[in-house]
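Here the structure is laid out as structure tokens; the discussion comes afterwards.
The values are calculated or read from the model by the stated rules, or taken from the named source; none is laboratory data. Since we're looking at a predicted model, the values are computed, not measured. Cβ atoms come from the backbone with ideal geometry, glycine included; neighbour counts cover every protein chain shown. Surface areas here come from the heavy atoms of the whole protein model, side chains and all, with no ligands, DNA or RNA. Shrake-Rupley method; radii C 1.70, N 1.55, O 1.52, S 1.80 Å.
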Amino acid sequence: MEAEKWGRRIRAFRKLKGFTQEGFARELGVSVSILGEIERGNRMPGPALIEQIALALKVTQEELAPRQEHD
């Protein structure tokens, strides 16, 4: 569930910043298949990759992080 939320946020910011999936994967130094798995929520990015993604997108990690839902 958490990985899906991260994936949706990463995909939305990537598109907002005008990156293709291929171009963004190249920017991060990961394969397109890994980025696709992250965006689909099948793989949770580690802390180092989250930091790298935020830097590449020129957003803070806090902006990139999924919103916390309160019960």
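Using Cα pairs closer than 8 Å and at least 6 residues apart in sequence, work out the relative contact order for the chain, in percent.
Details: 66 pairs, mean separation 30.2, N = 71.
With pairs under 8 Å counted, the relative contact order is 42 percent.
Dipole orientation for the chain: of the candidates ALA3, PRO45, PHE19, PHE19 has the Cα lying most toward the positive pole (charges on Cβ; Lys, Arg +1; Asp, Glu -1). Protein heavy-atom surface of the chain, 1.4 angstrom probe: 50% of the accessible area is carbon and sulfur, with nucleic acids and ligands not counted. Sorting the segments 8-15, 51-58 by their residues' average number of neighbouring beta-carbon atoms within 10 angstrom, most packed first, yields 8-15, 51-58. Overall, the anisotropy analysis places the chain in the prolate class: the square-rooted eigenvalues a ≥ b ≥ c of its C-alpha gyration tensor yield a/c not less than 1.5, with a/b exceeding b/c.
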